[in-house]
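The values are calculated or read from the model by the stated rules, or taken from the named source; none is laboratory data. Worth saying up front: this structure is predicted, and the values here are computed from it rather than measured. Note that we place each Cβ from the backbone using ideal geometry, even for glycine, and neighbour counts take in every protein chain shown. Just so you know, the surface numbers come from the protein's heavy atoms only, side chains and all, with ligands and any DNA or RNA stripped out. Shrake-Rupley method; radii C 1.70, N 1.55, O 1.52, S 1.80 Å.
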Amino acid sequence: MANPVLVEVTRGNLVESRHRGMVVAVDGDGKVVFSQGDIDAAVFPRSACKAMQGLPLIESGAADAYGFGAKELALACSSHSGEPEHVRLAASMLAAAGLDESVLECGAHWSFDQPVLIDQVRSLDRPSALHNNCSGKHAGFVCAACHGGTALKGYVRYEHPVQAEIRGVMEDLTGAALGTDNCGTDGCSIPTYAVPLKSLAHGFAKMATGTSLAPERARASRRLIEACMAEPFFVAGTKRACTRLMKMAPGRIFAKTGAEGVFCAAIPEKGIAIALKCEDGTTRAAESMVAATLARFFANEPAVHGALMAMANHSMSNWNGIHVGDVRVTDAFAA
């Protein structure tokens, strides 16, 4: 099926670009409460599923053994901007296990956030693995492995026990079979698996509600989501979409982006979770899509609803500050 146009970008009085996509919201039982497009299509969640990948850090006992609180757990689920606070916390997590950045296998890159990048260029010869947006997640991986007595080298590989554990967790949450046939390699070198969009949303709904999960996994899931909502800066960073969304309704919205136009979100108090993908992989459209979808569930709260819709529909200015057009969601979100 052809996915509908969910976001339009205007210039002057004309539509300059159109973004197609698919979005689904489900409850803990997997019942669809809102959808657009082909929600059974398999997508790579990329970084949007980091909270799922973070569960072994808690379930192994490593998080408690190393004294990790909400900030550390949020960073373990993050795609951070490489700001100084992020870098220091990732280093602190490793130090708690007697490790340093030399064990990280995520690679190094400059920040994706321009102001942070400029500061880094001014102060650093080159970035380290701690600056990688996935360093918190990888710190969680190696801490879990270290606590469990598993070899650290090669922890990013498909066959390593850390990745096998994550694979099992994601199968339990999504109900999808994961293996080499639907496996790719993510930007930080770990395996990433294509799963049906609806299954991805259902996995997050189970995490948010505890429905159909074993008690230990339900507690760990809730702990991770609550940590992210409590410390949104450590999930992303200054002016980042995930952080902004969670600050609009503190302690009530969980949101996590992934590369190539993917977003996942949850509203635990309403038992709802969301997964979406902008078909062409554009981040600006995915951010509008998730804000508009979340807004549907806050229709009776004008302040929250208004803030979310202001993020979904926003103006664009050029370098001289002149208004040149708008990003706006289509009527598909009014359905």
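Numbers below:
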item	result
Relative contact order (%) - the chain, alpha-carbon pairs under 8 angstrom, separation at least six	24
Accessible surface of the range 5-333 [probe 1.4 Å, protein heavy atoms]: carbon and sulfur percent	49
Lone cysteines, the chain (no partner Cβ under 4.7 Å)	49, 77, 143, 146, 183, 228, 242, 264, 278
Among 155, 66, 193, residue whose mean-square fluctuation peaks in a GNM of the chain (springs only between Cα atoms under 10 Å)	66
Under 5 Å, built H, 5+ apart or other chain: amide partners of residue 280	20
Net charge contributed by nearby residues that have their C-beta within less than 10 Å of residue 2 (K/R +1, D/E -1)	-1
Out-of-range pairs (alpha-carbon distance over 24 Å; input 50/153; 31/256; 31/239)	31/239
Under 12 Å, Cβ to Cβ, from residue 294 - net charge with Lys/Arg +1 and Asp/Glu -1	+2
From the coordinates shown, semi-axes √(5λ) of the Cα gyration tensor in Å corresponds to which of (i) 31, 24, 18; (ii) 28, 25, 19; (iii) 34, 22, 17	(i)
q = 0.14 Å⁻¹: log10 I(q)/I(0) that the Debye formula gives for the range 166-271, counting C-alpha atoms only	-0.59
Relative packing of 111-118, 177-184, 244-251, 74-81, which averages over residues the other C-beta atoms within 10 Å, highest first	74-81, 244-251, 111-118, 177-184
Residues in the range 230-267 reached by a label modelled at residue 42 [backbone nitrogen below 17 Å; 7 Å Cα→Cβ]	none
Solvent-accessible ranking of 18, 167, largest area first, probe 1.4 Å	18, 167
Cα principal axis extents for the range 180-335, largest first, Å	53, 39, 33
Amide H contacts of residue 192 (H built 1.01 Å from N, under 5 Å, at least 5 apart or other chain)	184, 185, 186
Cα-based Rg and Dmax for the range 98-211, where Dmax is the largest Cα-Cα distance (Å)	16.5, 49
Folded to 0 to 90 degrees: helix 197-209 orientation relative to the chain principal axis, Cα	70
Mean accessible surface per residue for the chain, computed with a 1.4 Å probe while every protein chain stays in place, in Å²	41
Using alpha-carbon coordinates, inclination of helix 302-312 to the longest axis of the chain, degrees	90
Angle in degrees between helix 114-123 and the longest Cα principal axis of the chain, rounded to the nearest 10	40
Highest to lowest packing among 289-296, 327-334, 136-143, scored as the average C-beta count within 10 Å	136-143, 289-296, 327-334
